[in-house]
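S.K.: The structure under discussion is supplied below as structure tokens; questions concerning it will follow.
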Ligand code: FES
């Protein structure tokens, strides 16, 4: 199994409490309004690299919404990560535009490092991939991706 991304929050890491507090502070700075749900997700994910259960619960608590509603909303946005990113993984969009632009060839180029993701809402740049640090790349060719994979 690939190693988790080193910069992503890990509950058992020595800096876990500090990083969670950083995410809490970022979310707490937002107004307590339902329309702040997506900004709260983005703030927490920016601080942690993904949205662990603790972050979902804090967002729900801050916005005074049920955890189930907050979690369900998070699952609807493909740009939100509910799993810890893997070191060295390449996330290849397999939405319709990217599929038509050749995402299958990118998955083959990335080999065991490829992970499939849904539309990233950057369809004009298809095919789209992002790396384990959420750096997005558009109009990627199989040769480009193979070179990136080999460089790591
Ligand atoms: S289908 Fe890939 S970004 Fe939309």
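Each reported figure results from applying straightforward, stated rules to the coordinates on display, with no laboratory input. Owing to the predicted nature of the structure, the values given are computational and were not obtained by experimental measurement. Positions of Cβ are generated from backbone atoms using ideal geometry, with glycine treated the same way; all protein chains shown enter the neighbour counts.
S.K.: By the gyration tensor of its Cα atoms, with a ≥ b ≥ c the square roots of the eigenvalues, what is the shape of the stretch 60-102: rounded for a/c under 1.5, prolate for a/b over b/c, or oblate?
M.R.: oblate
S.K.: Right, another one. Where is the GNM fluctuation largest for the chain (alpha-carbon springs, 10 angstrom cutoff): 47, 17, 114?
M.R.: Per the Cα network of the chain with a 10 Å cutoff, 17 tops the list.
S.K.: Can you tell me the orientation of helix 53-63 relative to the chain, as the angle in degrees between its alpha-carbon axis and the longest Cα principal axis, to the nearest 10?
M.R.: Around 50 degrees separate the two axes.
S.K.: Tell me, 68, 103, 78, 22 in order of fewest to most beta-carbon neighbours within 10 Å?
M.R.: The fewest-first ordering by Cβ neighbours comes to 68, 78, 22, 103.
S.K.: Given points 7 Å out from each Cα along the Cα-Cβ axis, report the residue 116 to residue 72 separation in nanometres with one decimal.
M.R.: 2.6 nm
S.K.: Distance between the C-alpha centers of the stretch 107-152 and the stretch 6-38? Whole Å please.
M.R.: The distance from the Cα centre of the stretch 107-152 to that of the stretch 6-38 comes to 27 Å.
S.K.: A follow-up question, please. Between residue 133 and residue 28, how high is the FRET efficiency from 1/(1 + (r/R0)^6) when r is the Cβ-Cβ distance and R₀ = 25 Å? Nearest 0.05.
M.R.: For R0 = 25 Å, the calculated efficiency reads 0.50.
S.K.: Divide by every residue of the chain the summed helix terms, -39500 (n - 2.57) for each DSSP H run of at least 4, and state the resulting mean residue ellipticity at 222 nm, rounded to the nearest 500 deg cm²/dmol.
M.R.: -13000 deg cm²/dmol
S.K.: Now for a different question. Using the alpha carbon gyration tensor of the stretch 35-114, what are the three equivalent-ellipsoid semi-axes (square root of 5 times each eigenvalue), largest first, in whole Å?
M.R.: Numbers: eigenvalues 177, 40, 16 Å².
After scaling each eigenvalue by five and taking roots: 30, 14, 9 Å.
S.K.: Taking neighbour Cβ counts within 10 Å as the exposure measure, how do 46, 130 sort from fewest upward?
M.R.: Taking fewest neighbouring Cβ atoms as first place, the list is 46, 130.
S.K.: Which angle from 0 to 90°, rounded to the nearest 10, does the C-alpha axis of helix 37-48 make with the longest principal axis of the chain?
M.R.: In the chain, helix 37-48 runs at an angle near 70 degrees to the longest axis.
S.K.: Compute the Kirkwood hydrodynamic radius of the stretch 16-76, taking the inverse of the mean of 1/r over all pairs of distinct Cα atoms, and give it in Å to one decimal.
M.R.: Here the Kirkwood hydrodynamic radius works out to 11.0 Å.
S.K.: Computed on alpha carbon atoms, what radius of gyration and Dmax characterise the stretch 90-151, expressed in Å?
M.R.: Considering the stretch 90-151 through its Cα atoms, Rg and Dmax are 9.9, 29 Å.
S.K.: Here's a follow-up. Please list 91-100, 138-147 highest first by mean number of surrounding beta-carbon atoms within 10 Å per residue.
M.R.: Top to bottom by mean Cβ count within 10 Å: 91-100, 138-147.
S.K.: What angle, in degrees between 0 and 90 and rounded to the nearest 10, separates the Cα long axis of helix 142-151 from the longest principal axis of the Cα atoms of the chain?
M.R.: 70 degrees
S.K.: Per residue, what volume in Å³ does the convex hull of the Cα atoms of the chain enclose? Before the final figure, lay out the partial values.
M.R.: Values: hull volume 16.8 nm³, N = 152.
Dividing the Cα hull volume of the chain by its residues yields 111 Å³.
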